[in-house]
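Enquirer: Just passing along the structure, written as structure tokens.
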Amino acid sequence: DTAVSQTPKYLVTQMGNDKSIKCEQNLGHDTMYWYKQDSKKFLKIMFSYNNKELIINETVPNRFSPKSPDKAHLNLHINSLELGDSAVYFCASSQDAGAKNIQYFGAGTRLSVL
Amino acid sequence: SQQGEEDPQALSIQEGENATMNCSYKTSINNLQWYRQNSGRGLVHLILIRSNEREKHSGRLRVTLDTSKKSSSLLITASRAADTASYFCASTGFQKLVFGTGTRLLVSP
């Protein structure tokens, strides 16, 4: 069983559309994250939730809205998609929000905005 | 930007050779981690070194940490073609990881 699974794996859409990416972890972890990896492979944290509560909210356009219905799921909804949103989005989880925790990553969702 | 830097950006070696990657970070840390990313995949944790440690080993991996210079290195000994991947360091501050820019390693048979 995949520990951290994301869907879809690929997402191709037009500018202006709204899309969602889903993430689920079966590790029993309390903390989940969304990262964005751009074309130069720079990986930057966007959001983090601990036990369904938002704890990290980096400087991200408010078109991006995370939602955590329970601690095993963290979804990312993106409104009014722009060309610059094209990237690979990774979900990750860790046992808790402590800095020493190892993070487990999903396989990524490659978003292409046309 | 808090993002750390790694060098070299790319490294190409033959199987059996050693590969060394360096990482510099910008802020105080609790620990530093190294991750591997195979093409088209997510990141996989390799090793964690605490801020009060100077060196750590795990199999063919050796990590050093110099907090006075805010730098770390990852050595992969006796490399294999399967080690071909991008390698990222991640410094850990309060509740989050800050990733370096990554080193792309190519190991040729």
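Enquirer: Looking at residue B:29, is it farther than 25 Å from residue A:4 by Cα, within 14 Å of another protein chain (Cβ to nearest Cβ) and touching a residue at least 24 places away in the same chain (Cβ under 8 Å)? Walk me through it before giving the result.
Expert: Values: farther than 25 Å from residue A:4 by Cα: yes; within 14 Å of another protein chain (Cβ to nearest Cβ): yes; touching a residue at least 24 places away in the same chain (Cβ under 8 Å): yes.
Taking the combined requirement at face value, the residue satisfies it.
Enquirer: In the stretch B:56-80, how many are part of a strand (DSSP E or B), among the charged types (D, E, K, R) and closer than 15 Å to residue B:30 by Cα? Quick ask: steps written out before the conclusion?
Expert: To start, the set of residues in the stretch B:56-80 that are part of a strand (DSSP E or B) comprises B:56-58, B:61-66, B:71-76.
If we keep only those that are among the charged types (D, E, K, R) too, we end up with B:56, B:62, B:66.
Narrowing the set further to residues that are closer than 15 Å to residue B:30 by Cα leaves B:66.
Number of matching residues: 1.
Enquirer: Among (1) assigned to a strand (DSSP E or B); (2) open to solvent by less than 70 Å² (accessible area, probe 1.4 Å); (3) more than 9 Å from chain B (Cβ to nearest Cβ), which single condition is residue A:92 missing?
Expert: (3)
Enquirer: Here is a follow-up. Please verify whether the stretch A:81-88 includes one or more residues that are open to solvent by less than 70 Å² (accessible area, probe 1.4 Å) and under 19 Å from residue B:44 (Cβ atoms). Working first, answer last.
Expert: Quick first cut of the stretch A:81-88, residues open to solvent by less than 70 Å² (accessible area, probe 1.4 Å) only: A:81, A:84-88.
Okay, now just the ones that are also under 19 Å from residue B:44 (Cβ atoms), so A:88.
For the stretch A:81-88, residues open to solvent by less than 70 Å² (accessible area, probe 1.4 Å) and under 19 Å from residue B:44 (Cβ atoms): present.
Enquirer: Scan the stretch A:95-110 for residues that are over 26 Å from residue B:30 (Cα atoms) and surrounded by fewer than 21 Cβ atoms within 10 Å (Cβ to Cβ) and jot them down. Break it down into steps so the answer makes sense when it comes.
Expert: Within the stretch A:95-110, the first condition is being over 26 Å from residue B:30 (Cα atoms), and the residues that meet it are A:107-110.
If the condition is that a residue be over 26 Å from residue B:30 (Cα atoms) and surrounded by fewer than 21 Cβ atoms within 10 Å (Cβ to Cβ), then A:107, A:110 are the ones that fit.
Enquirer: Can you pull out the residues in the stretch B:94-109 that are open to solvent by 40 Å² or more (accessible area, probe 1.4 Å) and of a type outside the set (Lys, Arg)?
Expert: Correct list: B:94, B:95, B:106, B:109.
Enquirer: Now, a different point. If we scan the stretch B:77-93, do we find a residue that is within 14 Å of another protein chain (Cβ to nearest Cβ), within 21 Å of residue A:46 (Cβ to Cβ) and open to solvent by 50 Å² or more (accessible area, probe 1.4 Å)? Please lay out each step first, then the result.
Expert: Taking the stretch B:77-93 first, the residues within 14 Å of another protein chain (Cβ to nearest Cβ) are B:85-93.
Checking which are within 21 Å of residue A:46 (Cβ to Cβ) leaves us with B:86, B:88-93.
Okay, now just the ones that are also open to solvent by 50 Å² or more (accessible area, probe 1.4 Å), so none.
No, that holds for no residue.
Enquirer: Are any residues in the stretch A:40-56 closer than 18 Å to residue A:21 by Cβ and surrounded by fewer than 13 Cβ atoms within 10 Å (Cβ to Cβ), and if so, which ones?
Expert: If the condition is that a residue be closer than 18 Å to residue A:21 by Cβ and surrounded by fewer than 13 Cβ atoms within 10 Å (Cβ to Cβ), then A:54 is the only one that fits.
The values are calculated or read from the model by the stated rules, or taken from the named source; none is laboratory data. None of these values were measured; they are calculated from a predicted model. Virtual Cβ from ideal backbone geometry, glycine too; neighbours counted across all protein chains shown. We work out accessible area using only protein heavy atoms, side chains counted, and drop any ligands, DNA or RNA first. Shrake-Rupley method; radii C 1.70, N 1.55, O 1.52, S 1.80 Å.
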